[in-house]
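Read through the structure below, which is laid out as structure tokens, and then see the notes.
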Amino acid sequence: MADGIRDKVAILGMGCTKFGERWDCSGEDLMVESFLECLADAGIEKKEIQAAYFGVHIDEVNVGKAGTPLGAALKLPFIPITRTENFCATATEAFRAATYAVASGAYDIVLALGVEKLKDTGYGGLPGGAAFGTEMFLRGSNATAPGLFAQLATAYAAKYNIPMEKIKDAIAHVSAKSHFNGAMNPKAHLRKAVPEEAIKAAPMIAYPLGLFDCCGVSDGSAAAIVTTPEIAKSLKPNQDIIKVKALQISVSSGEEETYTNWDGAHFATTRVAATKAYEEAGIKNPREEVSMMEVHDCFSITEFVTMEDVHISPKGGAYEDVMNGFYDLKGGGVPCQVDGGLKCFGHPIGASGLRMIYAMYEQLLERVPEERAVKNARCGLTHNLGGTPAKNVAAISIIGRD
Amino acid sequence: MAGICSYGGYVPRYRLNRGLVYGAMGWMNPANIANARGEKAVANFDEDSITMAVAAGIDALKGVDKSTVGGVYYASTTMPYKERLNAGIITAALGLNDQIRAADFSGGIKAGTTALLAALEGVAAKGVDNVVVTASDCRLGKPASPQELIFGDAAAALVVGSENVIAEFKGAFSTTYDFVDHYRGETAKFDRAWEDRWIRDLGFAQLVPEAVQGLLEKTGLAMTDFAKVVYPCHYGAARKGLNKKLGITPEQDQSNLQVEIGETGTPHSLVMFVKALEEAKPGDKILLVSFGSGCDALAFEVTENIAKLAPRAAITGSLANRADLDNYTKYLIWRDILPGDAGLRSEEDLWTRWSQLWRKRREVLGLWGTKCQACGTVQYPKQRICVNPECGAADQMEEYCFADKVGKIASYTGDNLAASVNPPAIYGQVVFEEGGKYMFDFTDCDLDSLATGMPVVVSFRRKYSDKHRDIAGYFWKAVPKREEA
């Protein structure tokens, strides 16, 4: 019986660019930027990296396919490099692959790096493209990401018989919280606090989601170098060792999209990935044991329902927890989006998973200023959700210090 | 005995008040005030001649066993394809068998009755049976032209067969003249017309009576035998003159629906004929005349079977389902007359891979999914492995059509980010009453009118227009279910 990834791999170093509208940078520039910070943090030389996994997602504005963009941009010396791609979990997949490569004993020191250069499309939001196959063009609806996720709100309202005004109040609080947190973070894309009234009054993007219910579409890159806990301890004897506690991915089987058992108001994949991740990490009561989270808040309603899907709020209980400030940075039970989230830190698809892990890593090493620090953080959870609510990839990672 | 077995009609939901058009464009041609009365039926942004013909065809096939249909004859001068059988697309959308005869009839706008005659004579000759004859047009007049005000969009469909005939075919008489009242060249978007006086005084006033006299002589019938006379002529005064000349009483004169719909081109006399059939009694005789590059005149006698028809929208029902198109420039954008900016996203290039469409033709054009023979679960799109997690049977599927099913809205949104000429793009999850679900674009509705749980039906619509490659792509959209009049 396999016993999972828990405590088998440590993070030796991480790096993350400032996310945002990086008009002066190419994707390759961003890769170099996150990599150099990561390499310096790891305290090793480039030639010590034995393998690499490279996450990038959007083909329409892309550095190119395969592993070559990473090798060429960073001038990595003829090592094995593999491109990973799994929607918004792309960077977590790079991290997972690097971690598994170390855990298998195949390599000692492995790089994971994710990047996306979204601001070269010329418009807001993501390109449509052929993400769901070229046949979908023949019969798929004229949908964009906000419209697909907005439907969670109408379905959730119907399921729990909650008026849309109350849901608007709760998701406005979700976004205001991320703006509050992001405003303190110099690497975040959107750095302005926004009051809930302004969020609710914003122009409609996709009913009932307004402008502030949607995350930033950003350029950015993030990276991690992983190794065994023994090597990490030998290289960094005076630092807490941040270990991987769980890495789980759950991919839709087609049930939500095609079978009538799905209510449209939750993420079936997230529930499965979270259950398995807690089991892998040995977490019995996530509401008590998880110190902080970065979850996939592509839209405020996504974060809202995810609070239930990661088994921290009870089913139907997200409204109470959100409105009571349970997920707020200060005074909250489980602070969520402590670096601003996708909402304000930004969402370059291929980099986001590693950016989230970076946020947890910085908190666990107590490297963040007092104003946005989570006190006594022992364990951080990150969550990606890629695809559509009806057909997606959910990833959960948990890292912690012992 | 060959005749009409069933009828159907379709008038698009949106109506443009002619006064609104005149208010915008009357400054350029003040004489258009003469045509500014009433409203014109306007195809929605996702409708065209094919989708309207399909809607009328679905209406006509109510109560008809589709497996008995032997042909689809389609008449239009505004077919989306010059080469690619338009009737072939309609056949697939109607969910009919592949092994039938289908043909396009075009050119002069009498093509609707010519298609009908071809079907009637084919049935009489026992060469084909149960032919769906469908006609539609979506003609454009140049802004500020009289035609812009006069024209309207609609479709009609008739099932022609030999069993359970509701109106027996009694004979026909045809003329063909290269009489050019309107014309459209190979690449033209708009119709061009010659002088009204000439069209009226030489065209209608001479060609219609010639066809009528020819039919009466051939069949031995008199004008007084007919309960209704159907003929197109949008000139009010000329119509009065023709009625007088032909001895058509006000009771016999079938309204040309100019105030409600407009002059619809190829389908026009069939649209009027369907309206007449809706109101006909057993024993009524109906005279049907078309006009355009000559005339066809046809005589019918209504039978007792007319009372047995299943309920349908036809022309009366679809006329009752109306909504104002309260914005003239929206009409110009929908018809691609005014270049509008739907944003960079609208310029993303995806192209039709014809081989993909061939493989998926049944599920895309006919909305066929699958039903698991092991557990009974219905599912769309077609699956090879059953999606029911308790089942998972492989390759035990039979085809299952969703096109005639009723669903409920499970979730929805109105998306202002999506590229659309009719924002917000409305779409959502539809769960069918008999199982299965899919996310559809919604059409013919407003965001404010929607709610979860609301019943919907599906409608065949134009999904995309690839202007680079001149491709019209079709799929199904959800429409709130409305009570049929």
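For this structure, a couple of remarks:
- Failed item in (1) open to solvent by 50 Å² or more (accessible area, probe 1.4 Å); (2) among the hydrophobic types (A, V, I, L, M, F, W, C); (3) over 21 Å from the mean Cα position of the chain (by Cα), with B:ALA36 passing the rest: (1)
- Those strands (runs of 3 or more DSSP E) lying entirely in segment B:367-485 with at least 3 residues more than 23 Å from B:TYR10 (Cβ to Cβ), open to solvent by less than 40 Å² (accessible area, probe 1.4 Å) and hydroxyl-bearing (Ser, Thr, Tyr): B:407-415
- Criterion violated by B:TYR400 - all others in (1) more than 11 Å from every other protein chain (Cβ to nearest Cβ); (2) closer than 24 Å to B:LEU332 by Cα satisfied: (2)
- Residue check, A:ALA223 more than 21 Å from A:THR306 (Cβ to Cβ) and in contact with a strand residue (DSSP E or B) (Cβ under 6 Å, 6 or more places away or on another chain): yes
- Taking the conditions (1) modelled with pLDDT of 95 or more; (2) open to solvent by 30 Å² or more (accessible area, probe 1.4 Å); (3) within 22 Å of the chain's Cα centre (by Cα) in turn, A:GLU45 satisfies each one other than (3).
- All positions within segment A:132-147 that are touching a residue at least 24 places away in the same chain (Cβ under 8 Å), more than 7 Å from chain B (Cβ to nearest Cβ) and either in contact with a strand residue (DSSP E or B) (Cβ under 7 Å, 6 or more places away or on another chain) or crowded, with 17+ Cβ neighbours inside 10 Å (or both): A:ALA145
- Any chance B:ILE100 is among the hydrophobic types (A, V, I, L, M, F, W, C) and touching a residue at least 40 places away in the same chain (Cβ under 8 Å): no
- The set of residues in segment B:415-429 that are touching a residue at least 60 places away in the same chain (Cβ under 8 Å), more than 7 Å from chain A (Cβ to nearest Cβ) and within 15 Å of A:GLN151 (Cβ to Cβ) is empty.
- Test: residue in segment B:349-356 that is hydroxyl-bearing (Ser, Thr, Tyr) and away from chain A (no Cβ under 11 Å): no
- Pairs where the first residue, in segment A:186-211, is in a helix (DSSP H, G or I) and the second is of a type in the set (Ser, Thr, Tyr), C-beta under 6 Å, 6+ apart: A:ILE199/A:SER175
- Pairing each residue of segment B:2-19 that is closer than 18 Å to B:PRO282 by Cα with any residue that is part of a strand (DSSP E or B) and among the aromatic types (Phe, Trp, Tyr), provided the two are 6+ apart or on different chains, yields C-beta distances under 8 Å for B:ALA2/B:PHE169; B:GLY3/B:PHE169; B:GLY3/B:PHE300; B:ILE4/B:PHE169; B:ILE4/B:PHE300.
- With respect to the stated conditions, A:PRO203 fails to be within 13 Å of another protein chain (Cβ to nearest Cβ), more than 20 Å from the chain's Cα centre (by Cα) and surrounded by 17 or more Cβ atoms within 10 Å (Cβ to Cβ).
- Taking segment A:90-106 as the range and being among the polar types (S, T, N, Q) and open to solvent by less than 40 Å² (accessible area, probe 1.4 Å) as the test, the residues that pass are A:THR90, A:THR92, A:THR99.
- Annotation: A:ILE58 fulfils all but one of (1) open to solvent by 30 Å² or more (accessible area, probe 1.4 Å); (2) under 20 Å from the mean Cα position of the chain (by Cα); (3) at pLDDT below 95; the unmet one is (1).
- Every listed requirement among (1) within 14 Å of chain B (Cβ to nearest Cβ); (2) closer than 17 Å to A:PHE299 by Cα; (3) under 23 Å from the mean Cα position of the chain (by Cα); (4) open to solvent by 10 Å² or more (accessible area, probe 1.4 Å) is met by A:LYS177 save one, (1).
- Residues in segment A:124-158 that are more than 16 Å from A:ALA390 (Cβ to Cβ) and within 25 Å of the chain's Cα centre (by Cα): 7 in all.
- Qualifying position, being surrounded by 20 or more Cβ atoms within 10 Å (Cβ to Cβ) and in contact (Cβ under 8 Å) with a residue 60 or more places away in the chain, among B:ALA43, B:ALA87: B:ALA43
- Scanning segment B:239-271 for residues that are of a type in the set (S, T, N, Q) and part of a loop (DSSP other than H, G, I, E, B) yields B:THR249, B:GLN252, B:GLN254, B:SER255, B:ASN256, B:GLN258, B:THR264, B:THR266.
- If only residues of segment A:308-348 that are in a helix (DSSP H, G or I) and of a type in the set (A, V, I, L, M, F, W, C) are counted, the one that is nearest to A:ALA193 (Cα to Cα) is A:CYS344.
- In segment A:275-294, the residues that are in contact with a helix residue (DSSP H, G or I) (Cβ under 8 Å, 6 or more places away or on another chain) and assigned to a helix (DSSP H, G or I): A:TYR278, A:PRO286
- Residue check, A:ASP297 within 30 Å of A:LEU39 (Cβ to Cβ), in a loop (DSSP other than H, G, I, E, B), away from chain B (no Cβ under 14 Å) and in contact with a Cys (Cβ under 9 Å, 6 or more places away or on another chain): yes
The values are calculated or read from the model by the stated rules, or taken from the named source; none is laboratory data. Everything numeric here is computed off the predicted structure, so don't read it as measured data. Positions of Cβ are generated from backbone atoms using ideal geometry, with glycine treated the same way; all protein chains shown enter the neighbour counts. Keep in mind that these areas ignore ligands, DNA and RNA; they rest on the heavy atoms of the full protein, side chains included. Shrake-Rupley method; radii C 1.70, N 1.55, O 1.52, S 1.80 Å.
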